[in-house]
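Trainee: Handing you this structure, nothing more for now.
The values are calculated or read from the model by the stated rules, or taken from the named source; none is laboratory data. For clarity, every value in this text was computed on a predicted model and none was experimentally measured. Cβ coordinates were reconstructed from backbone atoms using ideal geometry, including for glycine residues, and neighbour counts include every protein chain displayed. Heads up: the accessible areas ignore ligands, DNA and RNA and are worked out on the full protein's heavy atoms, side chains in. Shrake-Rupley method; radii C 1.70, N 1.55, O 1.52, S 1.80 Å.
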Amino acid sequence: MVISRGRMGGFDFYLPRNPPTAMNYLLQPLLLVLAILQLPVWGQDTVQPHDVDFASDIQTVLARKCYACHGPDLQEGNIRFDDRRTLVSEADSGLAPIVVGDASQSELIRRITSEDESERMPPEGKPLSETEVATFRQWINSGAEYASHWAFQPIQRPTLPQVARPELAEQPLDRFVLARLDAAGLQPVGRAEPRQLIRRVYLDITGLPPSPEEVAVLSRDWSAERYEQLVDRLLADPALGDRWARNWLDIVRYAETNSFERDNPKPNAWKYRDYVIRGFNSDKPYDQFVREQIAGDELEEVTTDSLTATGYYRLGIWDDEPADPLQARFDEYDDLVTTTSQAFLALTLNCARCHDHKIDPLTQKDYYSMVALLRDVTSYASRGNQTENNQLDVNTEVGQRYDEIEARERELRSQTREIEQNAIAKMPAPDQRATEGPGREKLLRRQLKDYVEDSQWQEYLQLKEELDALEQERRQLPQRETLLGLAKTDAQPEPTHVLLRGSPHSPGDLVEPAFPKLLGGGTPGIIPPHDGHSTGRRKALADWLASDQNWMTARVIANRVWLGYFGRGIVRSPNNFGLMGEIPTHPELLDHLATLLIDNEWSLKSLHRAILLSSTYQLSTAADAQGLAQDPSNNLFWRQNLRRLSAEQVRDSVLTVTGQLNEQQFGDVMYPTLSAEVLASQSRPGNGWGNSSPADQARRSIYIHVKRSLPVPLLTAFDFPETDISCEARFLTTQPGQSLTMLNSDWMQQQAAALLARVQREAGDALPAQAARVLELTTSQVADAQDIDELVDLVERLRKRDDMDETAARRAMCLVALNLNQFFYIE
C-alpha cells in the first residue's frame with residue numbers, strides 16, 4: 001500500500017493513497033513519539049552525582065548485584081554485603097573485601113574489575129559499569145561508610161536550598177528542582193504557552209479537555225493570578241473525583257467481580273468506587289481516608305462512609321471452588337498483606353511469605369505479624385453463601401430486623417413442614433404422590449385438616465398466621481440497603497504462626513500482631529471494640545499507618561500525586577521504596593512534599609495546589625539540546641514530560657468533543673456495547689454483561705463495569721491495568737492496536753458521525769467552516785489555515801478519487817481529527 005504523509009498543526013499523520021474505503025484509513029497518529037516525545041527511560045539517569053551517597057549509589061548496586069550470594073539469606077564465604085563488619089574483616093579467603101581508605105588494596109575492587117571470568121564478580125549477569133566501579137572506588141577511598149536506606153529513615157524537614165535564580169521559583173518545592181539543575185549546569189526550559197497550559201491543567205485535574213471557547217477566554221490577558229484562579233476553580237470541580245479516584249482504584253486492585261472460572265459479581269462494589277470519588281472531591285484528609293479503609297468498622301465514630309470504605313478488603317480475587325481451601329484462605333491473607341504494604345507503605349512485604357525478604361530487612365516474622373493484624377478479616381464468602389460476609393446493612397436496625405424475620409420464618413416453615421409431612425404420610429398413595437408436584441399447596445389446603453388432630457390443626461393455623469404477619473411486617477419495613485464491606489469479622493481469630501515455606505500445612509513459631517521492625521516495630525496497643533464484633537487489631541494498624549510519625553505513608557502518597565502530574569514519580573517505583581526500588585531523583589523534595597501534606601492536616605488538595613502552581617509543573621514540553629544531551633530521561637525536571645492520555649481520558653475526551661458526554665456522577669455500573677466476538681471470549685459468552693441505555697453508555701469511563709474476565713477492548717488497547725494485583729503506575733505504550741481501534745471500531749465510527757452532526761449544528765454546511773470547527777474541538781485551539789486546507793483537501797480527494805459520498809467523506813474527516821497527536825497527548 002502506498003502511503004502519503006500529512007502534517008497538521010506541527011503533527012504528522014499518515015494515510016494510504018488508495019484505500020478501498022475511508023474506514024480502512026490506517027492513520028498512524030502516534031509516530032510523533034519517535035521524533036519528539038523523549039519518554040523517560042525507566043531507571044536511567046545519566047546525571048552524575050558530585051558526592052557518593054551510600055543509599056542511592058552503593059546500596060542499590062549491592063542489592064541488585066551482590067545480595068543473592070552475600071545477603072540476608074545466603075552468605076558465601078561468610079561475607080554479607082548488608083553488614084559492613086564482614087566487609088572490613090578478613091573473609092574465608094584470608095583477604096578483607098574492603099580496605100577502608102584504599103580502594104587499590106581492596107579485594108572487592110579487584111574482583112569486580114577482574115578480566116578472569118572465574119574470579120570476576122558478580123559471577124552472572126552484566127559486570128559493573130565503569131561508572132559504578134569508579135563510584136565504588138570513591139566510596140572506599142572516602143571511608144566506606146554505611147547508612148540506612150533513604151526510605152528507612154524518618155522524614156526530614158529539609159531547609160530550602162539556595163538557587164542561582166530564585167525568581168524562577170513560584171513555590172518552595174521549585175527550589176529543590178532548581179538546586180539540582182544548578183548543580184548539573186542546566187536551566188529549565190521556558191513556560192508553556194497559555195493555551196497549552198490551560199489544556200494540560202484541565203486534563204490533569206478533571207480528565208476532560210477544555211472547550212476551545214474556554215481556552216480562548218482564559219488565554220486572553222493571561223497572568224499568574226488568572227492561572228491561580230483557574231487552578232482553584234478546577235480543584236473544586238466535581239470532575240476531579242472521577243479523574244483522581246481512578247488512580248486510587250488502580251492501586252487497590254479495584255474490580256467488581258471475583259475472577260476465576262465463574263467470575264461472579266461483587267454486589268455493591270460500585271459503592272466503594274463512589275466513596276473514593278466523594279473522598280477526593282471533598283478533600284477528605286488522607287489520614288482519615290487510610291483509617292476508614294483499614295478499620296472503618298472499628299473507629300470511634302462509625303459512619304456509612306467508613307463502613308463503605310471497608311469494601312477495600314473485598315476487592316480482591318476469590319476462588320469459590322479451591323482445590324486446597326486452607327491454602328486459598330492464606331492466599332486471601334497474602335492479597336491483603338500485599339496490597340496494604342504496597343499501597344500505603346511502598347514495601348514488598350509479600351516477598352517474605354515463604355522466607356525472609358531476599359533484599360529488604362523484612363523477615364518472615366514481620367510478614368506473619370502483619371497477617372495477625374488482619375486475622376479478624378473473614379473470607380470474602382463461602383460457596384454456600386456468597387453475600388453473608390461481605391454485604392453490610394446501611395441501616396443496621398432495619399437490617400437486623402430483616403435478619404430476625406428471616407430467621408423466624410425459617411423456624412416457622414420448618415414446623416409447618418413437619419406437620420404437613422406427618423399428615424401426608426397418612427394419605428392414600430395417589431394423594432402422597434400429588435404433594436410432590438405443583439399441586440401440593442392446593443391439595444394441602446383441601447385435605448390437611450382431615451389427617452391431623454384438632455390441636456395440631458390449631459397449631460398449624462397459628463404458625464401460618466404468624467408467617468403472614470411477618471410477611472406483612474417485611475413489606476412495611478424500609479427497603480433494605482446494603483453495601484460491600486466487612487459484614488462479618490472474627491472476634492476470636494485462630495493464633496497465627498510463621499508458615500514454613502509459606503505452607504499453611506506446616507505451621508512454625510507462634511507470632512503476635514506487630515509492626516515491621518524496619519519501620520520502628522513495636523507491639524500495637526490493641527483495644528477491642530465495645531460491641532465485641534472484632535479484635536481491634538485493624539484499628540491499631542490504621543492508627544499506625546496514618547500517624548504523622550510513620551515516615552512511609554506521607555512519602556508514598558506524595559509520590560503518587562507527583563506521578564499524576566508528571567507521568568512519573570520522584571521515585572519511579574511507587575509501590576516499592578525498598579532496596580530493589582528506584583532511588584528518588586529528589587529525596588529532599590519528596591520529604592518536603594510529605595511534610596507539606598502533614599502540616600496541612602493531610603489535605604491532598606493542598607498538595608495538588610502546590611504542585612500545580614509550581615514553575616516546574618508549568619514548564620514547556622519543548623526539548624533543549626543541552627538538556628537532552630545531559631539528562632535525556634528528564635530526571636531533573638528541566639522540562640515537563642509530554643504524556644499520552646490514559647485509557648479513560650481517551651474515551652472521555654472523545655465523548656466530550658462529540659458533545660455526548662453524560663457527566664452524571666455516582667450510582668450503579670454501566671455497560672458499553674461489546675461485540676459478539678468479545679462476549680464469546682468468556683467460558684459462558686456474555687455472562688454477567690448487561691445492557692445500558694445510550695445515555696448511560698455516554699457516562700465517564702470510571703463507571704464502566706470492571707469485569708475481570710471481560711475487559712473492554714478500547715480501554716485495554718490504551719493500557720487499562722491488570723486488576724488482580726495492585727497497579728503502581730500504568731504503562732503508556734504506543735502500538736498498532738490503538739490506531740486500529742481508533743479507526744475501525746464500531747464505537748469510533750459512531751463517534752465520528754456524532755462529531756459531524758455537532759459541527760453541522762455549530763458551523764453550518766460549508767466544508768471549510770466544518771473543518772475549522774472539528775480541529776478546534778479536537779485540539780482545543782484555533783485552527784491553523786493550512787490544517788483547515790488539508791482537511792478540506794482530504795474530503796475532496798475522498799469524494800473524487802474514491803467515489804465516496806459527501807457525508808461519508810466528511811465523517812472520515814472527523815475520524816482523522818479524532819486521531820491527531822494533538823488530541824492524544826498532553827503538552
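Trainee: From the phi of every residue in segment 654-661, what ³J(HN,Hα) in whole Hz does the Karplus formula 6.51 cos²θ - 1.76 cosθ + 1.60 yield, where θ is phi - 60° and glycine or proline is x?
Mentor: For segment 654-661, the Karplus curve yields 4, 5, 5, 5, 7, x, 9, 4 Hz.
Trainee: If you don't mind, another one. Give, in nm to one decimal, the length gained when the segment between R433 and D509 is fully stretched (0.36 nm per residue of separation minus the Cα-Cα distance).
Mentor: Stretched out fully, the R433 to D509 stretch lengthens by 21.3 nm.
Trainee: Could you sort out which of K358/K539; K517/K539; K488/K539 sit more than 22 Å apart by Cα distance in this structure?
Mentor: Distance filter (> 22 Å) returns K358/K539.
Trainee: Right, another one. Counting other Cβ atoms within 10 Å, keep those with at most 11, restrict to DSSP loop, and tell me which chymotrypsin sites (Phe, Trp or Tyr not before Pro) in segment 707-785 are left.
Mentor: F731
Trainee: Hey, if we sort S692, S306, S142 by accessible area with the 1.4 Å probe, largest down, what's the order?
Mentor: The ranking, largest first, comes out as S142, S692, S306.
Trainee: Using the Kirkwood radius built from alpha carbon pairs, what does the Stokes-Einstein equation give as D for segment 103-249 at 4 °C and 1.567 mPa s, in µm² per second?
Mentor: Calculated translational D: 62 µm²/s.
Trainee: Further, regarding this structure: Going by amide H atoms built from the backbone, whose H comes under 5 Å of the H on I826, apart from near neighbours?
Mentor: For I826, the qualifying residues are R643, R644, L645.
Trainee: Right, another one. Taking amide hydrogens as modeled 1.01 Å from N in the peptide plane, which residues meet the under 5 Å criterion relative to I704, leaving out close sequence neighbours?
Mentor: Residues meeting the criterion, in which the H sits 1.01 Å from N, are M670.
Trainee: So which lysines pass the test for K449, namely a Cα distance under 21 Å, with those fewer than 8 places away in the same chain ruled out?
Mentor: K426, K464
Trainee: Between W689 and D182, what is the spin-label point distance in nm, taking each point 7 Å from the Cα along the Cα→C-beta axis?
Mentor: 5.8
Trainee: For K707, list the lysines whose Cα falls under 19 Å from its own Cα; do not include residues on the same chain fewer than 8 positions away.
Mentor: K707 reaches K266, K271.
Trainee: Report ³J(HN,Hα) in whole Hz for each residue of segment 238-252, in order, from the Karplus equation J = 6.51 cos²θ - 1.76 cosθ + 1.60 where θ = phi - 60°; Gly and Pro get x.
Mentor: Result, rounded to whole Hz: x, 5, 4, x, 5, 6, 7, 4, 4, 4, 5, 4, 4, 5, 9.
Trainee: Kindly sort R708, R480, R157 by accessible area of their heavy atoms, largest first, with the probe set to 1.4 Å.
Mentor: R157, R480, R708
Trainee: Let me ask another. List, in order, the whole-Hz ³J(HN,Hα) value for each residue of segment 785-800 obtained from phi through the Karplus relation with A = 6.51, B = -1.76, C = 1.60 and θ = phi - 60°; use x for Gly and Pro.
Mentor: Couplings: 4, 5, 5, 4, 4, 5, 5, 4, 5, 4, 4, 4, 5, 5, 6, 7 Hz.
Trainee: Moving on. Skip the ligands, DNA and RNA, and give the accessible area per residue of the chain with a 1.4 Å probe, whole Å².
Mentor: Accessible area per residue, the chain: 44 Å².
Trainee: Only Lys, Arg, Asp and Glu count, each charged at its Cβ (+1, +1, -1, -1), so figure out the dipole size of the chain about its Cα centre, rounded to 20 debye.
Mentor: So the magnitude is around 1640 debye.
Trainee: What FRET efficiency would be calculated for the residue pair V394, A147, taking the C-beta separation as r and a Förster radius of 35 Å, to the nearest 0.05?
Mentor: 0.10
Trainee: Please work out how much length the chain gains when fully extended from E409 to K488, using 0.36 nm per residue of separation minus the C-alpha to C-alpha distance, in nm with one decimal.
Mentor: Gain on stretching E409 to K488: 26.2 nm.
Trainee: Would you kindly calculate the translational diffusion coefficient of segment 669-819, applying Stokes-Einstein with the Kirkwood radius from alpha carbon pairs, for 37 °C and a viscosity of 0.692 mPa s, and quote it in µm² s⁻¹ without decimals?
Mentor: D, rounded to a whole number, is 186 µm²/s.
Trainee: Quick query: amide H of H497 versus all other amide H atoms, modeled in the peptide plane; which residues come in under 5 Å with a sequence gap of 5 or more or a different chain?
Mentor: Here the answer is V511, since their amide H atoms fall under 5 Å of that of H497.
Trainee: Now, a different point. Would you be so kind as to identify which of N550, Y333, L160 lies farthest towards the positive end of the dipole of the chain, taking Lys and Arg as +1 and Asp and Glu as -1 on Cβ and the Cα centre as origin?
Mentor: L160
Trainee: Stretch A766-A623 to full length: gain in nm at 0.36 nm per residue minus the Cα-Cα span?
Mentor: Taking A766 through A623 to full extension adds about 47.6 nm, to one decimal.
Trainee: Continuing with the same structure: Below 15 Å, Cα to Cα, which aspartates and glutamates can K126 reach? Residues fewer than 8 away in the same chain don't count.
Mentor: Once the sequence-local aspartates and glutamates are set aside, what remains near K126 is E115, D116, E117.
Trainee: Return P(r) of segment 119-158 (all Cα-Cα pairs; 5 Å bins starting at 0; whole %; ordered from short to long distances).
Mentor: Taking all Cα pairs of segment 119-158, the binned fractions are 5, 17, 14, 18, 18, 16, 6, 3, 1, 0 percent.
Trainee: Hey, if we sort M121, M580 by accessible area with the 1.4 Å probe, largest down, what's the order?
Mentor: Accessible-area ranking of M121, M580, largest first: M580, M121.
Trainee: Further question on the same structure: Carbon and sulfur together cover what percent of the accessible area of the chain at a 1.4 Å probe radius?
Mentor: 49
Trainee: Compute the orientation-averaged projected area for segment 241-288 from the convex hull of its Cα atoms and round it to one decimal in nm².
Mentor: 3.7
Trainee: Now a separate question. Once you place label points 7 Å from the Cα toward the Cβ at V133 and V678, how far apart are they in nm?
Mentor: Each label point lies 7 Å from its Cα, and together they span 5.4 nm.
Trainee: Per-residue accessible area for R111 at 1.4 Å probe radius, Å² rounded to 10?
Mentor: 60
Trainee: Testing the spin-label approximation: label points 7 Å from Cα along Cα→Cβ at E193 and A469. State their distance in nm.
Mentor: 8.0
Trainee: Right, here's the next one. Can you give the relative contact order of the chain as a percent, counting alpha carbon pairs under 8 Å and 6+ residues apart?
Mentor: Relative contact order of the chain: 19 percent.
Trainee: Return P(r) of the chain (all Cα-Cα pairs; 10 Å bins starting at 0; whole %; ordered from short to long distances).
Mentor: Taking every Cα pair in the chain, the percentages come to 2, 11, 18, 20, 19, 14, 8, 4, 3, 1, 0.
Trainee: Cα-Cα pairs above 23 Å in segment 429-518: how many percent?
Mentor: The proportion of pairs with Cα distances above 23 Å equals 65 percent.
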